[in-house]
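This is the structure I want to talk about, given as C-alpha cells.
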C-alpha cells in the first residue's frame with residue numbers, strides 16, 4: 001500500500017514543500033506555514049468580480065448555469081414537483097455504493113436509447129456519480145487502476161477541469177486538435193490526423209454534444225468518419241455528455257454521436273450529467289457507464305467502480321438521484337421535463353440569433369456566423385483577452401478571457417447592449 | 001477468474017471481429033491489412049497492448065471485486081425467511097420497531113426548503129455552503145472556541161465522514177512533510193483504503209484489548225511514542241467504531257500530552273457527536289481538549305448518524321491552523337483537491353443541516369431527538385446486559401454497558417457468530433461486532449438466548 005501512495009504522489013508531479021526549520025517545537029509553529037496560496041479558479045473569479053461590480057448595466061456571461069430571460073436562475077417545474085413528492089415521504093438511508101438502481105436504469109435509457117439491446121443484454125456497467133466531474137474522475141481512476149499504461153487524449157480546447165481530473169488520477173495526457181480559430185469551427189482535418197497518428201488503442205475524450213467551451217460539434221457525417229477511424233485504430237471512445245437535451249432541445253438528437261458509435265460496435269464509456277439539462281447543478285447527480293462484452297464482465301466492472309467510489313465518498317447522495325428517478329420514471333413528469341428542456345434550448349438558440357442579428361445590424365466588419373453555427377450553452381466568440389478586458393472595464397460585461405460567452409446569460413434585455421459592446425471592441429480588428 | 005478465461009477463449013473476440021468485418025465490408029482474416037495504416041501489405045493485424053482482444057473490451061481482465069463484508073450480512077439477512085431473524089450488521093439507526101428514522105426536525109427543515117421559492121439548486125462554491133461550514137465548526141469546536149474567533153479554522157463541506165477523511169488525507173499527502181498515518185487497531189474497514197488512495201502510507205497502533213474488551217492504553221501510548229515527528233494520528237473522537245471503546249477524559253489528556261510532545265498531527269474522525277452519550281458537548285470533549293492547547297489538528301465531521309442524513313452525504317472537514325493567514329492558504333489548496341474530484345459538494349443535505357443549526361428552536365428539537373436515539377441505544381445495552389446476567393451466561397459482559405455508541409464488540413469468535421446465524425438467525429459481522437441500533441426490547445431476549453447458547457456450546 002505504501003508503494004501505491006508513493007506512486008500516486010510521484011505521478012501527480014507533487015513535489016513536497018520545503019520543511020520548516022522549526023518543526024518539532026511543540027505548539028510553536030504551524031505544520032502548514034509553507035503552504036502556498038493556490039491560484040484562483042479562472043471561471044469562478046469572473047462571477048466574484050461580477051458580484052462586486054455596482055454598475056446597473058453589468059452583464060454576467062461567464063456563468064455556466066442557465067438563466068431565464070430575466071437573468072434569473074431557474075428551478076424546473078418537474079423538479080419542484082419531484083421534490084414535493086420526496087419531502088416527507090421517503091427515508092434517507094444509504095444508497096448502495098453504486099448508487100440508485102432506478103436512476104441508473106433511466107440514465108442508460110436516456111443515453112443508449114429507450115429500447116437499447118445493450119441494456120436488455122445487461123452489458124453496461126453503470127454507477128451513479130457526482131455529476132459529470134465525478135463520472136469523469138471515477139473513469140479516470142478506473143483507467144489508471146486497470147490499464148495503468150494508457151493515457152488520455154483531450155481536445156484543444158476543453159473544459160479546464162478535464163485536465164485536472166486526469167492529472168489527479170495520474171493518467172498521462174495528450175491532446176488532439178479540435179477547434180479551428182480561423183473559421184471558429186471544427187478543424188476536422190487536423191482532428192482526423194491526430195486520431196490516425198495516435199497509437200492504436202488510445203483513449204480519447206469526446207464531447208458528445210455542445211462542446212465546452214467552443215460550442216463546435218462535428219456534423220453527423222463527421223461523427224461517422226470519426227467512428228470509422230476509431231474502429232480502424234481500435235481507440236477507446238470516452239464520451240462526456242453534459243448537455244443532452246440542452247443542445248438541440250431533443251435528447252435523442254443530442255445523443256446521436258453516441259448512437260453512431262454504438263451502431264458501429266464500439267465499447268464506449270460515457271459520463272452523464274443532470275446539472276444543466278435538469279437544472280440540478282448543486283445536487284451533483286450523474287452517471288458513469290462502461291459498455292462491456294457481456295453481462296458477466298459488466299458485473300465485474302461495476303464492482304470495481306464501486307471499489308473506487310467507496311474510499312472517496314462511500315456512496316453517492318440520494319436526493320438528486322431521487323429527483324431524476326421520479327421525473328424520468330413518471331411519463332407525465334418526463335414529458336414535462338422534455339418540454340422544459342426544449343424551452344431552455346430554444347431560448348438559447350433564440351439568443352444566438354438575436355446576438356448575431358444585432359451585430360450584423362450594427363455593421364460589424366467581422367463574420368458572426370459562428371454564433372448561430374455553434375451549439376449549446378457557450379459561444380466561442382473569437383475575441384482576444386484584451387478585447388474581453390475592454391468589455392469588462394468599459395462595459396461591465398463579465399466573461400472568461402478566452403472569449404467564451406455563456407449564451408445562458410444573454411437575455412432580450414441585454415442582447416442589444418452586449419452586441420453593441422462587442423462591436424465597439426472588435427470593429428477595428 | 002475461471003469465467004474471465006472462459007470468456008476469452010470462446011465467442012466474444014470472434015464475435016467482435018466478425019462484427020467489425022461486416023461493418024467495414026471486408027473479409028475478416030488476420031492477414032488482411034486493409035484496415036490498418038500499414039506499409040507492409042502482408043503484415044498481420046495485431047491488436048494494441050490495450051486491446052483485450054482486437055475489437056473486444058479493453059477491460060476483459062477486470063475481475064469481480066470481493067463483496068463488502070458488512071453489506072454481505074444484510075444480503076444474507078434479506079434472504080432468510082425466518083420470522084425471528086435479527087439484523088445486527090446494519091450501521092444505521094433503527095427504531096424500536098426496527099424501522100429507519102427520519103428526524104422530525106429534518107422533515108421540518110425539508111418542508112421549509114421545498115416551500116421556499118427562492119431556494120435554488122445552483123452550484124455551491126467548491127468549499128460548500130458557507131453557513132453550513134461556519135455552523136459545523138461551531139458545533140464541533142464550540143461557539144466560543146478561540147480558534148474560531150481568531151479565524152484559524154478552515155472548514156470545507158465534504159461528502160459525509162468518508163469524503164472529509166479523503167479530502168483531508170489528500171491535502172496532507174500533498175502538503176505535509178510526513179506521509180504516514182497511524183490508525184487504531186481495529187478501526188472502520190474503510191479507513192485504510194481511504195488514506196492509501198489519498199496517498200498516505202498506513203500504519204497501526206494498538207487500541208483494543210481482547211482480554212479486557214477495553215482499551216489497551218499502555219500499548220497505545222507505547223506505539224504512538226515511537227511514531228516519527230509529524231506522523232499523522234487518526235483518532236476516533238467518540239464511540240470508536242467498531243469496538244465502542246473510548247478513552248476516559250484522563251486518558252485523552254495523556255494522549256494529548258504525548259501527541260503534542262512527540263510533535264504528531266492529530267486527525268479526528270467525528271462520526272457520532274451527540275449520538276454517543278446523548279450530549280453534543282460531551283462527545284466533542286476530546287477534540288476540544290486538543291484545540292484548547294493551541295495546537296493544530298484536522299477533524300472530519302459526519303451528519304449521517306446524528307442527524308439521520310445518511311444518504312444525503314453531509315459532512316465537513318476542518319483544519320485548525322496556527323494562524324488565520326495559514327488557514328486561508330490551506331483553504332485555497334483544499335479547493336484544488338476537491339475540484340478534480342467532484343467540483344463542489346451536494347447542496348441538499350447541507351441546506352437541511354444549516355436550516356436546523358441556525359434556528360434556536362429547531363436546534364433544540366434536534367438535541368432532544370438526538371438524545372432519544374442515544375438513550376434508546378443505552379437502554380438496549382442495559383437490557384442485553386441484564387438478560388445475559390439473568391440467564392447466568394458465563395463470562396464478564398460488563399463491556400456491553402461500558403462500551404459506547406452504536407456498536408458493541410461482543411468478544412464472540414467467528415465460530416460462535418456462525419453458530420448464532422445458523423441456529424438463531426442472528427446476522428452480524430464475523431468479528432463479533434453487533435449494532436445496538438438494530439436491537440429492540442422484543443429482540444433482546446432472542447439475542448441473549450443466542451449468545452448464551454453460543455458461549456456455552458462453542459468455545
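What is the mean projected area of the alpha carbon convex hull for segment A:41-186, to one decimal in square nanometres?
Details: hull surface 57.8 nm².
Dividing the Cα hull surface by four gives the mean projection, 14.4 nm².
Sticking with this structure for a sec: When the Kirkwood radius is taken over all Cα pairs of segment A:122-222, what Stokes-Einstein diffusion coefficient follows at 25 °C and 0.890 mPa s, in µm²/s?
Numbers: Rh = 14.6 Å.
Estimated diffusion coefficient is 168 µm²/s.
Using only DSSP helix segments of four residues or longer, with each worth -39500 (n - 2.57), what per-residue ellipticity at 222 nm results for the protein assembly as shown after dividing by its residue count and rounding to 500?
Details: 35 runs with 407 residues, N = 888.
That calculation yields -14000 deg cm²/dmol at 222 nm.
To the nearest whole percent, what portion of all C-alpha pairs in segment A:56-134 is separated by more than 20 angstrom? All intermediate terms of the calculation are to be shown ahead of the outcome.
Working: 1788 of 3081 pairs.
For segment A:56-134, the fraction of Cα-Cα distances above 20 Å is 58 percent.
Of all the Cα-Cα pairs you can form in segment A:288-395, what percent are over 17 Å apart?
Values: 4342 of 5778 pairs.
Counting every Cα pair in segment A:288-395, those more than 17 Å apart make up 75 percent.
Continuing with the same structure: Restricting things to alpha carbons, find the Rg to Rh ratio for segment B:384-434 using the Kirkwood radius for Rh.
Numbers: Rg = 11.1 Å, Rh = 11.6 Å.
My calculation puts Rg/Rh at 0.96.
Please determine, in degrees from 0 to 90 and to the nearest 10, the orientation of helix B:347-358 with respect to the longest principal axis defined by the Cα atoms of chain B, where the helix direction is its Cα long axis.
For helix B:347-358, the angle is close to 10 degrees.
Something else about it: Using only alpha-carbon positions, what ratio does the radius of gyration of segment B:207-331 give when scaled by 2.2 N^0.38 Å? Don't skip to the end; give the middle numbers.
Values: Rg = 15.0 Å, N = 125, 2.2 N^0.38 = 13.8 Å.
That works out to 1.09 for segment B:207-331.
Springs between alpha-carbon pairs under 10 angstrom, Gaussian network model over chain A: which of A:233, A:361, A:109 fluctuates most?
A:361
OK, next. Where the centroid of each part is defined by its Cα atoms, how far is segment A:306-328 from segment A:382-397 in Å?
40
If packing is taken as the average count of other Cβ atoms within 10 Å, what order do B:401-410, A:171-180 fall into, highest mean first? Numbers along the way, then the final one.
Values: B:401-410: 23.9, A:171-180: 17.3.
By packing density, highest mean first, the sequence is B:401-410, A:171-180.
Starting from the coordinates of the alpha-carbon atoms of segment B:312-389, obtain the Kirkwood hydrodynamic radius over all distinct pairs and give the value in Å to one decimal. Provide the component values of the computation, followed by the final result.
Details: mean 1/r = 0.0609 Å⁻¹.
Final number for the Kirkwood radius of segment B:312-389 is 16.4 Å.
Within 10 Å of each Cβ in peptide A:33-45, how many partner chain Cβ atoms are there on average? Round it to a whole number, please. Show your work: numbers first, answer last.
Numbers: counts 7, 5, 13, 4, 7, 10, 3, 2, 7, 0, 0, 6, 0.
Other-chain Cβ atoms within 10 Å of each residue's Cβ, averaged: 5.
Can you report the principal axis dimensions of chain B using only the alpha carbons, biggest first, rounded to whole angstrom?
Reported extents, whole Å, longest axis first: 82, 63, 56.
Taking only Cα atoms of chain A, what ratio of Rg to Rh do you get with Rh as the Kirkwood inverse-distance radius?
Values: Rg = 22.7 Å, Rh = 23.1 Å.
Reported Rg/Rh (Cα atoms, Kirkwood Rh): 0.98.
Rounded to whole Å and sorted largest first, list the principal axis extents of the Cα atoms in the protein assembly as shown.
On the principal axes, the protein assembly as shown reaches 92, 69, 60 Å in Cα extent.
Relative to the present Cα-Cα distance, how much length would full extension add between residue B:442 and residue B:418 at 0.36 nm per residue of separation? Don't skip to the answer; put the middle values down first.
Details: separation 24, 0.36 × 24 = 8.64 nm, distance 2.22 nm.
Gain on extension, residue B:442 to residue B:418, equals 6.4 nm.
Now, a different point. Within chain B, what percent of beta bridges assigned by DSSP are antiparallel, to the nearest 5? Numbers along the way, then the final one.
Working: 17 of 36 bridges.
Roughly 45 percent of the DSSP beta bridges within chain B come out antiparallel.
Report the residue, chosen from A:64, A:413, A:33, that carries the largest GNM mean-square fluctuation when chain A is represented by alpha-carbon nodes joined by springs under 10 Å.
A:33
Take residue B:61 and residue A:173, extend 7 Å from each Cα along the Cα→Cβ direction, and tell me the distance between the two endpoints in nm.
2.7
At q = 0.15, 0.19, 0.23, 0.27 Å⁻¹, work out log10 I(q)/I(0) for segment A:195-265 with the Debye formula, treating every Cα as an identical point scatterer and leaving solvent out; two decimals please.
Those come out to -0.47, -0.73, -1.03, -1.30, one per q.
Most mobile of A:364, A:227, A:100 per a Gaussian network model of chain A (Cα springs, under 10 Å)?
Per the Cα network of chain A with a 10 Å cutoff, A:364 tops the list.
State, as an integer percentage, the relative contact order of segment B:381-430 based on alpha-carbon contacts under 8 Å between residues 6 or more apart. Intermediate results must be reported in sequence, preceding the final value.
On the way: 24 pairs, mean separation 12.6, N = 50.
Contact order relative to length: 25 percent.
Efficiency by 1/(1 + (r/R0)^6): what FRET value for residue B:150 and residue A:55, r their Cβ-Cβ distance, R0 = 41 Å, to the nearest 0.05? Display every interim value, and only then the final one.
Values: r = 36 Å, r/R0 = 0.89.
The formula returns an efficiency of 0.65 here.
Based on the Cβ-Cβ distance of residue A:90 and residue A:339, what FRET efficiency does E = 1/(1 + (r/R0)^6) give at R0 = 35 Å, to the nearest 0.05?
Numbers: r = 26 Å, r/R0 = 0.74.
E(calc), rounded to 0.05, equals 0.85.
Okay, next question. Please list B:266-278, B:228-240 highest first by mean number of surrounding beta-carbon atoms within 10 Å per residue. Let's see the in-between values first.
On the way: B:266-278: 25.1, B:228-240: 22.5.
Taking the mean over residues of other Cβ atoms within 10 Å, the ranking is B:266-278, B:228-240.
Among B:63-70, A:393-400, B:304-311, A:377-384, how do they line up by average Cβ neighbours within 10 Å per residue, starting with the highest?
Numbers: B:63-70: 14.2, A:393-400: 19.4, B:304-311: 25.6, A:377-384: 23.5.
Highest-to-lowest ranking by the protection proxy: B:304-311, A:377-384, A:393-400, B:63-70.
Could I have the simple spin-label model distance between residue B:120 and residue B:458, label points 7 Å from Cα toward Cβ, reported in nm to one decimal?
5.9
Run the numbers on segment A:322-380 and let me know its relative contact order in percent, using alpha-carbon pairs under 8 Å that are six or more apart. Could the numbers behind the result be given before it?
On the way: 24 pairs, mean separation 15.2, N = 59.
Computed over segment A:322-380, the figure is 26 percent.
Right, next: Over segment B:409-457, consider all pairs of different Cα atoms and compute the Kirkwood hydrodynamic radius from their mean reciprocal separation; express it in Å, one decimal. Provide the component values of the computation, followed by the final result.
Numbers: mean 1/r = 0.0940 Å⁻¹.
Final number for the Kirkwood radius of segment B:409-457 is 10.6 Å.
In degrees, nearest 10, range 0 to 90: what is the angle between the Cα axis of helix B:249-261 and the longest Cα principal axis of chain B?
50
Follow-up question, since we're still on this one. How high is the relative contact order of chain B, given as a whole-number percent (alpha carbon pairs under 8 Å, six or more residues apart)? Mind dumping the intermediate values first?
Values: 792 pairs, mean separation 96.6, N = 459.
Reported relative contact order: 21 percent.
Since every read-out is calculated from the coordinates, none of them should be taken as a lab result. Since we're looking at a predicted model, the values are computed, not measured. Glycine also receives a Cβ, built like all others from the backbone with ideal geometry; neighbour counts cover every protein chain displayed.
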